[in-house]
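The values are calculated or read from the model by the stated rules, or taken from the named source; none is laboratory data. In this text, all values refer to a predicted model and were calculated from it rather than measured experimentally. Note that we place each Cβ from the backbone using ideal geometry, even for glycine, and neighbour counts take in every protein chain shown.
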Amino acid sequence: MELVIEKINQLKGNISVPGDKSISHRSLILGSIAQGETRIYNFLNSLDCLQTLECMQSLGAEIELGEDNFIKIKGKGLYGLQEPKDMLEVGNSGTTIRLLAGLLSGQNFYSVLNGDHSIRKRPMKRVVQPLRLMGADIWGREDGQLAPLSIKGSLLNPLQYTLPVASAQVKSALLLAGLYAAGETIIKEPLLTRDHTERMLSLMEADIMISHQEIIIIGGKYLKGTDLFIPGDISSAAYFIAAASMLKSSQIVISQVGVNPTRTGIIKILKRMGAKINILNYQLKSNEPRADLEIEYSELKGIEIMPEEVPFLIDELPLIALVATQAEGKTIVSGAKELRVKETDRLKAIVSELKKMGANIKEKEDGFIVVGPSKLQGAACESYHDHRIAMSLAIAALLAEGKTVIKNSECIDISFPGFENTLQKLISF
């Protein structure tokens, strides 16, 4: 599918964005192994999250997907899952394969996790290695470096482990495995990463203690089903925040967006660049903070983004590259090598496509350098089958003279079904 977008003058109006992708994944997994009923509101009905839903159903979880993205789960308890009859297919979802690797390591049955061609290229040793240290029996191609992953569930030992690379997915996998270990599993992270798993485990009354960059979980404690109200995904909202900041005379409001401190790096960075973003109606619901965001156009300036800031805006860095093309001066991003092992090599992809549109951007080994502002021109762009690249280019197209064609744009449904319709609401206001 091709997405064709032409230049516009401004964005105006009020919108909401779909539920948070990270929280939606975790709600399905934890709801399935909790006792009692879990009701999920504003679930993200996207391709990635539906892969997790189907995997959990294949493991015997009773999950009903109703109208208005409402989910009801009859929890099976920690030890109520069943051996799947076939391979568990995760599609394009790195969250699904890594989190389920942790969950399945503690079961009393055999399972295999597989995915699409992109997943089979992505690094799995970072999660396989610490799980093996807990006593998990996991095999994969190149000694567990690559999927498919074959897992023979077993009794797990507690672990004290410092993550060599900041990764919320690896951290979450170890926390899930820690639920099945006899004793205290202690996880330390070099840099703080998104903490949705810890927050949800606390809400479900797990035996968990959280301090700065250290989490302790004690295995064997049953989880309690609950009501989960999922906020709008800030990574999805980011595209409209950026667009309104760059297009003159724009003013928009995005309602009920998650503003978890481990996810608001994009807001902090854009504010440092000069963006006008107001946080309104803040509240805490289901142990996750949310708020309305009010954004209006502002003149932007280039900044330097340091390696310690990268984990807080890892999904938004391709979008930051675009914003930098409209900012006065130089923007430098370092410490973002992780972008090379996402759905595609996002550093190479975003630099290549923005260059096509006339941006002054240079790829580094661990980031990029942009000198702005640049006048962008419409072009035929490749999404690389990566939803973050496709949506970043769609926003670039709003600024570019002429027509921009984004190839293979159907990948946007991985995280943001309805993206084009939401954008149209602000254009046609």
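General remarks:
- Of all the criteria given as (1) surrounded by 22 or more Cβ atoms within 10 Å (Cβ to Cβ); (2) closer than 24 Å to I269 by Cβ, the one not satisfied by N360 is (1).
- When L201 is tested against the conditions (1) crowded, with 24+ Cβ neighbours inside 10 Å; (2) part of a strand (DSSP E or B), the lone failure is (2).
- Residues of the range 1-15 classified as touching a helix residue (DSSP H, G or I) at 6+ places or on another chain (Cβ under 8 Å) and surrounded by fewer than 24 Cβ atoms within 10 Å (Cβ to Cβ), total: 10
- Residues satisfying the stated conditions in the range 187-219, i.e. among the β-branched types (V, I, T) and within 26 Å of G335 (Cβ to Cβ): I187, T193, T197, I210, I215
- All positions within the range 30-75 that are hydrophobic (A, V, I, L, M, F, W, C) and more than 17 Å from G102 (Cβ to Cβ): I40, F43, L44, L47, C49, L50, L53, I63, L65, F70, I71, I73
- Filtered residue count, the range 223-252, keeping only those that are surrounded by fewer than 20 Cβ atoms within 10 Å (Cβ to Cβ) and in a strand (DSSP E or B): 4
Residue-wise test of (1) in contact (Cβ under 8 Å) with a residue 40 or more places away in the chain; (2) under 24 Å from Y180 (Cα atoms); (3) not assigned by TED's automatic domain parsing to the domain that holds S27.
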| position | (1), (2), (3) |
| --- | --- |
| M56 | no, yes, no |
| A61 | no, yes, no |
| E67 | no, no, no |
| F70 | no, no, no |
| K76 | yes, yes, no |
| Q82 | no, yes, no |
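- Taking the range 314-428 as the region of interest, the helices (runs of 4 or more DSSP H) fully inside it that hold 2 or more residues being within 27 Å of S16 (Cα to Cα) and under 19 Å from the mean Cα position of the chain (by Cα) are 317-325, 346-356, 387-399.
- Every pair of residues 6+ apart whose Cβ atoms lie under 6 Å, when the first sits in the range 116-127 and is assigned by TED's automatic domain parsing to the domain that holds S150 and in contact (Cβ under 8 Å) with a residue 40 or more places away in the chain while the second is in a helix (DSSP H, G or I) and surrounded by fewer than 18 Cβ atoms within 10 Å (Cβ to Cβ): R122/V341; P123/V341
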